[in-house]
Every structure is written in C-alpha cells, then in structure tokens.
Amino acid sequence: MPSSNRVLIFDTTLRDGEQSPGAAMNLEEKLKVAEMLEELGVDVIEAGFPISSNGDFEAVNEIAKRSKTSVICGLARAGVKDIDRAAEALKPAKRARIHTFISTSPVHMKHKLQMEPHQVLEAVVGSVTRARHHVEDVEWSAEDATRTDFDFLCRCVEAAIKAGAMTINIPDTVGYAIPAEYGALIKALIDRVPGGEKVNFSTHCHNDLGLAVANSIAGVAAGARQVECTINGIGERAGNAALEEIVMALKVRADILPYSTGIDSLSISRASKMVSNVTGFPVQYNKAIVGKNAFAHESGIHQDGMLKNNQTYEIMTPESVGVAKTSLVLGKLSGRHAFKDKLEAMGYELGANALEDAFRRFKDLADKKKHVFDEDIAALVDDQLAHGQDRIQFVNMRVVAGTFGPQSAELELSIDGETRLGVARGDGPMDAIFNAIKTLFPHEATLVLFDVHAVTEGTDAQAGVTIRLAEDGKSVTGHGSDTDTMVAAAKAYVHALNKLLVKRQKTAPEALTAARG
C-alpha cells in the first residue's frame, strides 16, 4: 500500500494504448517502450493481454524477464484460461500482478456478457480467487463502472476484496463521467464498502468527452491512490488519460493537490517522442506538456512578457519535462562539438561512428536549409537510428515527374549488402517510386496509409512521411524524413518493408477480441 499522499502510476500504453487502431507494436518496439517506462519511474507496467495472441504472450513474458523495478502486469478476463495464461506469461517477473476484470453495468451484462447479476458476482469471486492462487498482487476491475448500479457495484467490490484483490479499479470505460460525479463515486466506494480502507483504489478514465485527466485527478482527490494512464494519452477511441498531464498537474498544483509520484519528469518529453515514433501517431502541436507548441510563444505580447520574466506565460519550465530551454539554431558553419552538445541536450547519446554519420547528414541538411531546428535534428537522428540495421537500405534515387510524363523512378537500394538498381514507371512520381521498390524487392504488401507532414515551418522544411503496409493480416508502419518529399517517401516505404520482413519471421498469432477495460 502506498503512503497517504503517494500516487502509483499504472501505465497501460502497451495494452490499452496498443488497442488504438493502427498502434500495434512488434516485440522489439514493446521491449524498448517497456525499458523506457521503467526508466521513467512507472510503478506498474501493464505489458499486454497474454491470451489475446501468441505475440502478446511473448511480449509480456519477455518484458517480465527483463523488468528490474516496475511491477509487470498482465490483463485477464474472468475466466480460468485467461488467468492461467497471464500467470504463465508473468512467471519470470520479479514483481508480478494479474489484472482481471468483468463488466458490471446493465447494458454490458445484458448485451455483451448475457449474464445475470448473480452470475457476474460469482465470476468476480472466482476470478480473483484463481488469480490469487498464482500471485499475491491481484487487481480487479469493474468494466463500465461509471454506468453500473451503485449498490451492485458495492457488492462486486466487496466480493473482490474478500477474495483477495489488493487493488480495485473503477474504470470510466466509455468516458461518460464528469469530474464531480467520478470523484464522488470513488469516495462513496471507499467509505461504504467493508474493507475499502485496506485496499488501493485506482482510476482508469477514457477521454470520449475530453475529461479523462480531470476525472483521474478528481479520483485522486477523492482517495484513489493509483492512476491508470498512457503516454500521449493514446488508447481506444479518443484515448486514455495522459500520463504526462496527470504527473505535471500534480507537480505544478501541489498547493491544492498534495500528492507525489515516482515519475522522473525530466524524461517525459523523450518518452512521448519514443511512443509517437513507435506507433506512428504524431503528437498534436497544441498537446499539453509534450506538444510542439507547449512552450512556444509567437505573439508579440507574449514574447515581450517572456523576455521580462518567463513566469508571465509559463506555469512550468520546459526543462522540467525534458525540453531544451531554448532552440539552438544550428547551421552549415557549426562544428562537431556544438552538434554533439545539442544532441546531448536533446537526450541523444551516440557512439563515435554514429555521431560522425549523423554530423555528415546534418551538414548535408544544413546546406539545403537556412535554419536547422531542433525538430530537424530529431528527425535526422531518429531516421538514422530507425534504419541503421535494416536489411534493405535506401541509397540513391532519381525521379521524372510533371505533366509531360511518363513519370518514372530510378532507384538504388542495398539489399543484404548487395547494391541493386531498378527503374519503373507509375501513375505519378510516388507510384513510380513504389513500383521501383517492388521491382528490386518483390512483395505483395498493400499500401494502407500514406501521410506527409512538415517537420518544421518554411518552404525548405523537411518532409516527414509515415507509411503503413499490410500483408496477410499483418500491419507495419514506416517513417522517413528528407527535404525532398519523394526521398522521404521512399525511405518510409523501405523502413516499413524492413519491419514487414521481421513480422514474416514470426508465427502469426491467433487474434482474439480483447474486451476493453
């Protein structure tokens, strides 16, 4: 049990966050995110839903093996097979938790479960009891709790506590509640349910009405001492409560919210960028805490105030969440030392060879652009790190485009160390590029997403391209950046193709529909 003012951070980026359409991650990506979450100071990492697929089981099991400080949690429905599968996946963990759940609202019990209330109550007892046979740390959730009859919810919570649950989660599964209502529900449960004062109550709020963070904080103020959340607020539909917003709200408004977390806020920006890159979900510019504009000031009035005292328009410092205080504008005359210092300030640590390669690419970029911004450098280094070990490497390209046509692409790739040259035509330059890639590396994958955005402002901005390929039910996302949009597109396509090759080597999981908590 935490101290009276200590709030546990339960991160479900790898489980609920991955349920965002298109946000699926491969094993390597999940391991990187899990390692980052542990470094961030997350108390509980919900690593996945082990019975949902072989891939999810493998990810939870591997994360459990590598975990050092965080509790590793696996989700399970209220069934023997689910719970036993979760327990098996969690065996290597130093600290393991089984998180089991069942719906309790009238609409869910009638239409989803087709169960009577007494059957649900029996399932609560049976599932928690089964989970306690495997692990001491058991969490129980009442799915769709905020639309559940209060008296019945109390009976279910009491049953879960008596069966041995140490954490009771009260999810606002469909983002229906408002803060005053949700806070009152948490307080009423703690006050009314026998044994409620001996367990830890948890919040799990979705953002359908844009109130997930507000509801979570209301829950904490009412007595909950665990908050379930995700990096960047990713998750089903409109997403989950955002970890970074909850942590910084508690930190900035400690005057009226006297609660603490174990999160290292200096790593928040880095964590946000990693999850965005892994999932292919860009962070909106005006996103609180981690958005590009969160610490940007364009208005002349605001700039004047900031020059006099930064507290006039900033309630927290950018450094407090791992963002550089000012943007160091680098150009073609900058040296290696300045470039290395800038990378370190942005959280990148590169070896000598990687640094030299990054510096060379930076110099090439600086020759094309008047100003090189932090976002340009991040895109350049992330692109290098993403593609460095790929089997297929982009080398060179020449494209014929315009109204005179036909549009064609001449492409040079390195495949397993062998340089190959291909030429193809297409209905437009992009089609020609992708056709050229197919001539050099034949495949049947289909293009299901093609997204282009400017990394920075200006006509000389780098283009950031995200591409998603699908093949035999598998979906992968690739990224590329360059001042030439067509080159960025080619890099992104090749990156996605490399990730698809990795997926081909894995056994296709038997996907099961995961009930949402």
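Nothing in this text is a laboratory measurement; each read-out follows from the coordinates by a stated rule. As the structure is a prediction and not an experimental result, all values here were calculated from the model. Every residue, glycine among them, receives a Cβ derived from its backbone with ideal geometry; neighbour counts consider all protein chains shown.
Annotations
- Ascending count of other beta-carbon atoms within 10 Å, so fewest first, for ASP82, ASP255, ASP191: ASP255, ASP191, ASP82
- Normalised convex hull volume, region 57-178, alpha-carbon set, Å³ per residue: 108 Å³
- Burial ordering of ILE437, ILE102, fewest other beta-carbon atoms within 10 Å first: ILE437, ILE102
- Cα extents for region 389-504 along the principal axes, largest to smallest and rounded to whole angstrom: 38, 29, 26.
- Eligible lysines near LYS110 by straight Cα distance, threshold 30 Å, same-chain separation 8 or greater: LYS81, LYS162, LYS187
- Gain on full stretching of the segment that runs from LEU266 to ALA184 - 0.36 nm per residue minus C-alpha separation: 26.2 nm
- With a simple spin-label model that places each label point 7 Å from the Cα along the Cα-to-Cβ direction, the separation between ASP484 and ASN5 comes to 5.9 nm.
- Helix 429-440 vs. the chain, principal-axis angle (Cα, 0 to 90°, nearest 10): 90 degrees
- Compared with the dominant Cα axis of the chain, that is its longest principal axis, helix 374-387 is turned about 90°.
- Centre separation in Å (Cα based) which lies between region 413-431 and region 175-201: 60 Å
- Cross-link reach is defined here as a Cα-Cα straight distance under 18 Å, omitting same-chain residues fewer than 8 places apart; for LYS273 the lysines meeting it are LYS30, LYS32, LYS287, LYS292, LYS325, LYS342.
- With Cα atoms, 0 to 90° folded angle of helix 27-40 axis to the chain main axis: 70 degrees
- Think of it as helices only: each DSSP H run of n ≥ 4 in the chain is worth -39500 (n - 2.57), and spread over all residues that comes to -12000 deg cm²/dmol at 222 nm.
- Mean Cβ neighbour count within 10 Å, used as a protection proxy, ranking 356-363, 164-171, 426-433 highest first: 164-171, 426-433, 356-363
- Computing mean projected area of the Cα convex hull in nm² for the structure here picks out one of [x] 26.1; [y] 29.0; [z] 43.5, namely [x].
- The separation of region 91-166 from region 462-477, counted between C-alpha centres, amounts to 38 Å.
- Each of ILE246, THR317, ASN169 was scored by the projection of its Cα onto the charge dipole of the chain, and the greatest displacement toward the positive side belongs to ASN169; charges sit on the C-beta of Lys, Arg, Asp and Glu.
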